[in-house]
Each structure stands twice: as C-alpha cells, then as structure tokens.
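Here is the structure we will look at, set down as structure tokens.
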C-alpha cells in the first residue's frame with residue numbers, strides 16, 4: 001500500500017481551490033499524514049523603489065499567512081498536523097520547488113477545468129503534473145452558477 005506522510009496542498013485563495021480540502025482531510029486522516037498548505041503569491045510592483053517593493057512583499061506575505069492560518073486551524077481541530085507556507089514567485093515553479101525541497105510525498109490540488117484555452121496556454125495544474133517529482137492528485141471542480149441552480153426544478157424539490 002502506498003503511504004503518503006507529507007501532503008502538499010497549493011491554495012490560491014479561491015473557493016474552487018478550497019474544494020480539495022475535504023478529500024485532503026480524509027486522506028490525511030487515513031494515512032496519518034501531515035498537510036502543508038501552500039500559497040504562492042506574485043507581487044507586481046512595476047517601477048518602484050526597493051523600500052516600496054520590500055513593503056509590498058511583506059504585506060502580501062502577511063495576507064497570505066492570515067489566509068492560510070484559519071484553514072490550518074480547521075485541519076488541526078480534526079487532529080491533522082498542518083503547517084503553512086507562503087512563497088513569492090511563479091505558482092507552478094514554486095509548488096514543484098517546495099515539493100522537492102521538503103520531501104513531499106503527494107501534491108493534492110484542484111483544477112478548474114477551464115477548457116481548451118487553458119489547456120493550450122498551459123494551466124498551473126498541467127505544469128505541476130508535467131514536472132512534479134512526486135505523484136499529483138488533481139481534483140476537478142466546476143463552478144456552478146447560483147442562477148442555474150435556482151432555475152433547476154430538482155434544486156427545490158429533489159429528484160423524483
């Protein structure tokens with residue numbers, strides 16, 4: 001049986017990316033794994049002084065830590081060891097680099113399934129799968145418009 005002791009979960013702050021968390025929770029519990037929540041941010045500054053750049057990066061890192069802290073607490077409340085990491089850079093490159101440097105056993109992330117345009121241009125998930133040194137578990141999540149649900153007769157009365 002394959003055992004995963006260190007699971008890396010990249011989160012971009014979107015509700016869709018967070019939909020991977022129930023699966024990660026179950027997997028971590030059954031495997032006795034620790035989970036690292038990773039957020040990669042990019043601070044586009046343009047032409048700025050070094051002091052302004054340093055301040056912007058520090059602010060983004062602080063926002064990142066606040067964003068991940070609650071999710072880590074939620075995992076810890078379920079007896080899962082959780083750590084957070086915030087790094088600046090290109091998402092795919094940083095996810096792969098973090099996995100290599102920290103002996104991660106599995107990367108578990110959501111993919112939004114944006115269709116052919118994202119496939120041609122290359123999504124973060126596709127780049128991670130192509131270059132990861134460890135297995136990658138992708139969870140495809142779809143965003144459903146509340147208007148579609150509201151107009152669906154099964155939404156209010158259930159299946160016959």
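The values are calculated or read from the model by the stated rules, or taken from the named source; none is laboratory data. Note that the coordinates shown come from a computational prediction; the quantities given were computed from them, not determined experimentally. Every residue, glycine among them, receives a Cβ derived from its backbone with ideal geometry; neighbour counts consider all protein chains shown.
Listing for the model above:
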{"read-out": "Within the range 5-38, tally of residues that are in contact with a helix residue (DSSP H, G or I) (Cβ under 7 Å, 6 or more places away or on another chain) and at pLDDT below 95", "value": "2"}
{"read-out": "Flag for residue 75 being touching a helix residue (DSSP H, G or I) at 6+ places or on another chain (Cβ under 8 Å), outside any helix (DSSP H, G or I), at pLDDT 90 or above and closer than 23 Å to residue 139 by Cβ", "value": "no"}
{"read-out": "Residue check, residue 85 modelled with pLDDT of 95 or more, closer than 21 Å to residue 5 by Cα and assigned to a helix (DSSP H, G or I)", "value": "no"}
{"read-out": "Filter result for residue 56 (at pLDDT below 75, over 20 Å from residue 129 (Cβ atoms), part of a helix (DSSP H, G or I) and out of contact with any helix residue (DSSP H, G or I) (no Cβ under 7 Å at 6 or more places or on another chain))", "value": "yes"}
{"read-out": "In the range 89-134, the residues that are assigned to a loop (DSSP other than H, G, I, E, B), surrounded by fewer than 20 Cβ atoms within 10 Å (Cβ to Cβ) and either in contact with a helix residue (DSSP H, G or I) (Cβ under 8 Å, 6 or more places away or on another chain) or at pLDDT below 95 (or both)", "value": "89, 90, 112, 113, 114, 115, 122, 123, 132, 133, 134"}
